[in-house]
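S.K.: Please read through the structure below; I'll follow up with questions.
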Amino acid sequence: MMMTTNAAAQTPMTGAEGARLYQARCGTCHSIAANKIGPAHKGVFGRQSAMAPGYNYSPALRAANINWNAATLDQWLQGPQKMVKGSRMFLAVPNPTERAAIIAFLQSDAAK
């Protein structure tokens, strides 16, 4: 009897896949270098919430005092409204592998 496995579910995504997912999931509202509907993500790792220059954040996010790191971004992407009720972001990324790839991209040199 032959057993098969889902290799895609067991293989971590590459940096290129993280960049592609970032563009597909986040790119409508965000970019790395410029504020759009949402704030720019350049240098998001280690930054306090509501501190991207030139962006008008919601009062809820300004009061949140979150330090963006892998754990807080993972929580945020699971449900921004659950983490900070009253924030302006509603999009969630339910797939943990996709979240990890997006977070790895945001932590990469391409986003610094």
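The values are calculated or read from the model by the stated rules, or taken from the named source; none is laboratory data. What you are looking at is a predicted structure, and each value in this text was computed from that prediction instead of being measured. In this analysis, Cβ positions are derived from the backbone assuming ideal geometry, glycine residues included, and neighbour counts consider all displayed protein chains. Just so you know, the surface numbers come from the protein's heavy atoms only, side chains and all, with ligands and any DNA or RNA stripped out. Shrake-Rupley method; radii C 1.70, N 1.55, O 1.52, S 1.80 Å.
S.K.: Restricting attention to the range 38-52, does a residue exist that is free of Cβ contacts under 8 Å to residues at least 12 places away in the same chain and loosely packed, with under 12 Cβ neighbours inside 10 Å? Step through it out loud before you land on a result.
M.R.: Our first condition is that a residue be free of Cβ contacts under 8 Å to residues at least 12 places away in the same chain; within the range 38-52, this holds for 51.
Then keep just the ones that are loosely packed, with under 12 Cβ neighbours inside 10 Å; that gives none.
No, because not a single residue in the range 38-52 is free of Cβ contacts under 8 Å to residues at least 12 places away in the same chain and loosely packed, with under 12 Cβ neighbours inside 10 Å.
S.K.: Kindly indicate whether any position in the range 24-37 is open to solvent by 50 Å² or more (accessible area, probe 1.4 Å), within 14 Å of the chain's Cα centre (by Cα) and over 17 Å from residue 89 (Cβ atoms).
M.R.: No, the range 24-37 contains no residue that is open to solvent by 50 Å² or more (accessible area, probe 1.4 Å), within 14 Å of the chain's Cα centre (by Cα) and over 17 Å from residue 89 (Cβ atoms).
S.K.: Also, I was wondering about something else. Can you pull out the residues in the range 53-71 that are in a loop (DSSP other than H, G, I, E, B), open to solvent by 30 Å² or more (accessible area, probe 1.4 Å) and within 19 Å of residue 108 (Cα to Cα)?
M.R.: Going residue by residue through the range 53-71, those that are in a loop (DSSP other than H, G, I, E, B) are 53-58, 65-66, 68-69.
If we keep only those that are open to solvent by 30 Å² or more (accessible area, probe 1.4 Å) as well, we get 53-56, 65, 69.
Result: 69, single match.
S.K.: When the residues of the range 92-112 are narrowed to those that are at pLDDT below 95 and outside any helix (DSSP H, G or I), which ends up surrounded by the most Cβ atoms within 10 Å (Cβ to Cβ)?
M.R.: The extreme case among them is 108.
S.K.: Could I ask something else about it? Just checking, does the range 77-89 include any residue being within 19 Å of residue 13 (Cα to Cα), free of Cβ contacts under 8 Å to residues at least 24 places away in the same chain and of a type in the set (Gly, Ala, Ser)? Before the answer, list the steps.
M.R.: Pass one, the range 77-89, residues within 19 Å of residue 13 (Cα to Cα): 77-78.
Then keep just the ones that are free of Cβ contacts under 8 Å to residues at least 24 places away in the same chain; that gives 78.
After this cut, where a residue has to be of a type in the set (Gly, Ala, Ser) as well, the list is none.
No, the conditions are met nowhere in the range 77-89.
S.K.: Being assigned to a loop (DSSP other than H, G, I, E, B), surrounded by 14 or more Cβ atoms within 10 Å (Cβ to Cβ) and of a type outside the set (Gly, Ala, Ser) is the filter here, so list the residues in the range 72-85 that pass it. Full working, then the answer.
M.R.: Of the residues in the range 72-85, the ones assigned to a loop (DSSP other than H, G, I, E, B) are 79, 84-85.
Okay, now just the ones that are also surrounded by 14 or more Cβ atoms within 10 Å (Cβ to Cβ), so 79, 84.
If the condition is that a residue be assigned to a loop (DSSP other than H, G, I, E, B), surrounded by 14 or more Cβ atoms within 10 Å (Cβ to Cβ) and of a type outside the set (Gly, Ala, Ser), then 84 is the only one that fits.
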